1. Since K208 meets every condition but one in (1) of a type in the set (K, R); (2) surrounded by fewer than 18 Cβ atoms within 10 Å (Cβ to Cβ); (3) free of Cβ contacts under 8 Å to residues at least 40 places away in the same chain, which condition does it not meet?
2. Select from region 42-72 the residues that are among the small types (G, A, S) and closer than 27 Å to I218 by Cα and write down the one among them that is surrounded by the fewest Cβ atoms within 10 Å (Cβ to Cβ).
3. Considering region 314-324 alone, what residues qualify as being surrounded by fewer than 19 Cβ atoms within 10 Å (Cβ to Cβ) and at pLDDT below 75?
4. Given the conditions (1) surrounded by fewer than 13 Cβ atoms within 10 Å (Cβ to Cβ); (2) in contact (Cβ under 8 Å) with a residue 40 or more places away in the chain; (3) closer than 26 Å to A248 by Cβ, which single one is not true for G87?
5. Tell me, which residue of region 14-38 that is in contact (Cβ under 8 Å) with a residue 12 or more places away in the chain and of a type in the set (V, I, T) is surrounded by the fewest Cβ atoms within 10 Å (Cβ to Cβ)?
6. Taking region 242-260 as the search range and keeping residues that are without any contact (Cβ under 8 Å) to a residue 40 or more places away in the chain and surrounded by 19 or more Cβ atoms within 10 Å (Cβ to Cβ), which one is farthest from L104 (Cα to Cα)?
Amino acid sequence: MTKTRAETTLSVVWGFFVRLGLLAIIGYALYRVRSILVAVLLAVMLTYVALPAIEFLCSWKVKGWSYRSQRFWASVLVFVVILAVFGIMIQYIVAPIAIEARDLNRNVDDYINKLDTLLQKANKWYSALPRDVKDLFNDTDKEKIKTTVSAWFTRVVGSTIEWAQHALDIILIPVLAFYFALDYRSLRREFVGALPKARRREALHLLKHIGAILQNYIIGQLTLCVIAGVVVGLLLWGLDLNYALALAVLAGVTRAIPVVGPIISGIAIVLFGLIKAPQIGVTLLILFCLLHLVESKFLLPKLIGHQMRLHPAMIIIVLLIGGEFFGIFGMFLAAPVAAVLREMVRFYIIAPRAKREAEESGDNVDLGTPIIHSKLQ
């Protein structure tokens, strides 16, 4: 029976609102379990850090051991080493940083006075600027910018503390990561087995490609964090800057947050340099610009590759969204999650639509699809 135009329109509208309602329900459910969701995602990332070492140990066959037993003890060994490394970091890095933080707290008034002196010098320089340039600065609503940035930073810190208060979720991270690393193949088979047979091959290729993106990103970011911390630490030590260890750790940790993280730590470090001596601050600013150039042009393509393919503007947007809902942890997870979602949209929506249009027109077009799609054709 042929539907009338009104019935067709009603069916389309009804389907739209049903889908919208389902998306709202899913979004609300994800928001309610957001702390658990972050814990699971962090566990997945820890899994990708541990997997290369576990696979390497399992490649050496031990006589008389089954693969299952060898994988179990390899996983135990790798996670014991990871926890030991965290323990060593706490003992030899966190403790000295705490000492530097207490020293900074004692001398904070002195640093504020030095910063005030710098501001007075900057004000004299500002007074000597042409009137047109000063009008440009005066037209900027500095108080509004300051209030907006301060409010956003407060929300991010609040979200981070709120999530960190879920002690059980934090404990779950290494436990979940251990089981993910031990049985990730079984978990993948169970997930794929729940899908229709016609979709299983596609799902396997998609999971493999997403896994490669996440593993490259996580290991690459971890490597960049270590490089940033070591290089910045050596530079600050060479310039004889106070609190070099704490600032180096800050540079290493914030490097895990793309685009925004290095800017935040760079501003803090340059300010400390300016307080000690203006020429040191300028030197640090030039060195940070050179480091960013080397990192973006040489290190990032080698360590992470071009699989992320996220525009800096898009990264900033997803960072702000992640920070709003999940704090610092959300900012760290935002870029890889956005890359995964983009691949899923391209694979399930954009690529099939482009393929249908190409078949209808009889043209051979480059769909620009990910590697996984080319494997399926």
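The values are calculated or read from the model by the stated rules, or taken from the named source; none is laboratory data. Just so it is clear, the model here is predicted, and its values are computed rather than measured. For neighbour counting, all protein chains shown are included, and Cβ atoms are generated from backbone atoms with ideal geometry for every residue, glycine included.
1. So the condition that K208 fails would be (3).
2. First pass over region 42-72, keeping only residues among the small types (G, A, S): 43, 50, 53, 59, 64, 66, 69.
Next, from what is left, pick out any that are closer than 27 Å to I218 by Cα: 43, 50, 53, 59.
On the way: A43: 20, A50: 22, A53: 17, S59: 9.
It comes out as S59.
3. Of region 314-324, the ones surrounded by fewer than 19 Cβ atoms within 10 Å (Cβ to Cβ) are 314, 316-317, 320-321, 324.
Hit for region 314-324 is E324, nothing else.
4. For G87, the failing item is (2).
5. Per the stated criteria, the residue is I36.
6. Within region 242-260, the match that is farthest from L104 (Cα to Cα) is R255.
Yes/no per residue for (1) modelled with pLDDT of 80 or more; (2) over 14 Å from the mean Cα position of the chain (by Cα):
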site	(1), (2)
S296	no, yes
P301	no, yes
F326	no, no
V337	yes, no
A354	no, yes
E357	no, yes
